[in-house]
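The numbers here are math on the coordinates, done by the rules we state, and not lab data. Please read these numbers as outputs of a predicted model, since none were measured by experiment. We place every Cβ from the backbone using ideal geometry, glycine too, and count neighbours over all the protein chains shown.
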Ligand code: SF4
């Protein structure tokens, strides 16, 4: 059994917060164990809760479109959410729920060891860029411990505000360049490395 498969078994048994009482299916996340790109959304919605898979439905279709802009398909990237169970009526996740669920996302990232973590929307932004606004930070990468952190709007935002569609597409198109820039920089000795992707 792979490390991720073992982890999924544990996550699907999780009762660490109240969402365990109302969920239909746990949505752990999915993708290859060696994915370079790790996308983190917010929480499962109705469709995801029915199928146990992240980013199904319209937001998922738009994410697939975004990936196609950089010649990727969803099976080549890792996709997860900040919390693994659907909040009732699609309400916002609550802080205790996010805190209870954090361990699972940490373990997924530990196993996959992605080169780039892309936060989608406010809740995953808050995890890595606390106190910052998505309007100001989207599309601006930062590097820490060799990992690129890159905030983007949630794909669902484009479904509600058509004017954001182009912005999200432009941010997605930056990803290949950021990855290759970091890979080139990693070949330079640390003492002469000066990486600034802001
Ligand atoms: S949301 Fe996370 S912490 Fe809460 S029951 Fe589901 S898996 Fe467990």
- Item | Nearest 10 degrees, 0 to 90: helix 164-173 Cα axis against the chain principal axis | 60
- Query: Which angle from 0 to 90°, rounded to the nearest 10, does the C-alpha axis of helix 95-112 make with the longest principal axis of the chain?
  - Reply: 50
- Task: Return the tail of the calculated pair distribution for the chain, meaning the percent of Cα-Cα pairs more than 20 Å apart.
- Result: 55
- Evaluate the distance, in nm, between pseudo-label points positioned 7 Å from the Cα of residue 109 and of residue 92 along their respective Cα→Cβ axes. 2.1
- Message: Output the 0 to 90 degree angle, nearest 10, between the alpha-carbon long axis of helix 58-69 and the longest principal axis computed from the alpha carbons of the chain.
- Response: 20
- Task: With a point put 7 Å past each Cα toward its Cβ, work out how far residue 180 is from residue 22 in nm, to one decimal.
- Result: 4.7
- Please give the calculated 222 nm ellipticity per residue for the chain, where each DSSP H segment of at least 4 residues contributes -39500 (n - 2.57) and the sum is spread over every residue; nearest 500 deg cm²/dmol? -12500 deg cm²/dmol
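How would you rank 104, 46, going from fewest to most other Cβ atoms within 10 Å of each one's own Cβ?
Working: 104 23, 46 13.
If I rank by nearby Cβ atoms, fewest first, I get 46, 104.
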- Report the calculated FRET efficiency for residue 1 and residue 132 (r = Cβ-Cβ distance, R0 = 35 Å), to the nearest 0.05. 0.35
- Query: What is the extension gain from residue 161 to residue 71, computed as 0.36 nm multiplied by their sequence separation minus the C-alpha to C-alpha distance, in nm to one decimal?
  - Reply: 29.9 nm
- Percent antiparallel among DSSP beta bridges with both residues in the chain, to the nearest 5? 25
- Message: Counting other beta carbons within 10 Å of each residue's own, what order do 168, 98 fall into, fewest first?
- Response: 98, 168
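To the nearest 0.05, how large is the calculated FRET efficiency for residue 58 and residue 170 if R₀ is 30 Å and r is the Cβ-Cβ distance?
0.90
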